[in-house]
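Here is the structure we will look at, set down as structure tokens.
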Amino acid sequence: MRTLILTTILLISTQFPIALADAPKNQCAPFDSIALQLALAQNKMPPPLNLEQIQLLLGAGNSETSLTLTTYSWIYKNRILLVKTNGDDIADKMLTGNNDGSITSKKMEQIYEKLKSATSVWIIKDIQHQLGPGYVTSNKLQRYSWYCGSGSLTITIDQNNNVTATTISYQAPLGSIETRIGPTHPEWDIKTDSLGESHRAWQRTFEG
């Protein structure tokens, strides 16, 4: 009887290995796979994944407060004055074209000089008072975040659910990070070390 029981246990263990032996070494493998696919992509190129594909593997994620990006532009002959805002902050400004000596052209240059030190959208009303309403386009952006272990992944999507940017960050010693993702990976965009720990990140912007 004892021999029969031992034989039965041996057969069961042979056919059905202990579950712990089959457990994946990296519980964050899906997260790291998505992170590497996004990191391998080139800036200013179409994103390799969309929101639906990421959510299929990682879940819904944490949805953060939406942002509104607005572009204001004024055109006079071959001159273009461009101002981009992110919420209440000025994100970018640009003046192109040649000064033809006209009052409007000179005024655009004077406004641009003031814009160089401006940080708030308050100056937009002043520009519109001088040059008219101009052309205005807005784009609402939403951010989603996922976390696993020492890693965090944040993507930004536009109003058409296109991925426009991503930041992938790992807060751990480099050896620990490479145990997860492997030693062959894109060059880090951010590298900081402190008290034996490190923060490393990739940042990408995409265009459809």
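Residues in region 166-195 that are in a strand (DSSP E or B), among the small types (G, A, S) and farther than 22 Å from T156 by Cβ: S194 only. The criterion of at least 1 residues that are under 17 Å from Q159 (Cα atoms) is met, among helices (runs of 4 or more DSSP H) falling completely within region 31-146, by 51-58. State whether one or more residues within region 56-72 are under 30 Å from S176 (Cβ atoms), surrounded by 14 or more Cβ atoms within 10 Å (Cβ to Cβ) and not small (G, A, S). Scanning region 56-72, I find at least one residue that is under 30 Å from S176 (Cβ atoms), surrounded by 14 or more Cβ atoms within 10 Å (Cβ to Cβ) and not small (G, A, S), so the answer is yes. Does any residue of region 117-135 turn out to be closer than 30 Å to R200 by Cα and small (G, A, S)? Scanning region 117-135, I find no residue that is closer than 30 Å to R200 by Cα and small (G, A, S), so the answer is no. Within region 46-77, the residues that satisfy the criterion of being modelled with pLDDT of 90 or more and under 30 Å from L115 (Cβ atoms) are T70, T71, Y72, S73, W74, I75, Y76, K77. Annotation note: Cβ proximity below 7 Å between a residue of region 26-49 that is surrounded by fewer than 21 Cβ atoms within 10 Å (Cβ to Cβ) and a residue that is in a helix (DSSP H, G or I) and among the small types (G, A, S) (sequence gap 6+ or interchain) occurs for no pair. Scanning region 184-208 for residues that are among the hydroxyl-bearing types (S, T, Y) and within 23 Å of Q42 (Cα to Cα) yields T184, T192, T205.
The values are calculated or read from the model by the stated rules, or taken from the named source; none is laboratory data. Just so it is clear, the structure is predicted and the values come from calculations on it, not from any experiment. Every residue, glycine among them, receives a Cβ derived from its backbone with ideal geometry; neighbour counts consider all protein chains shown.
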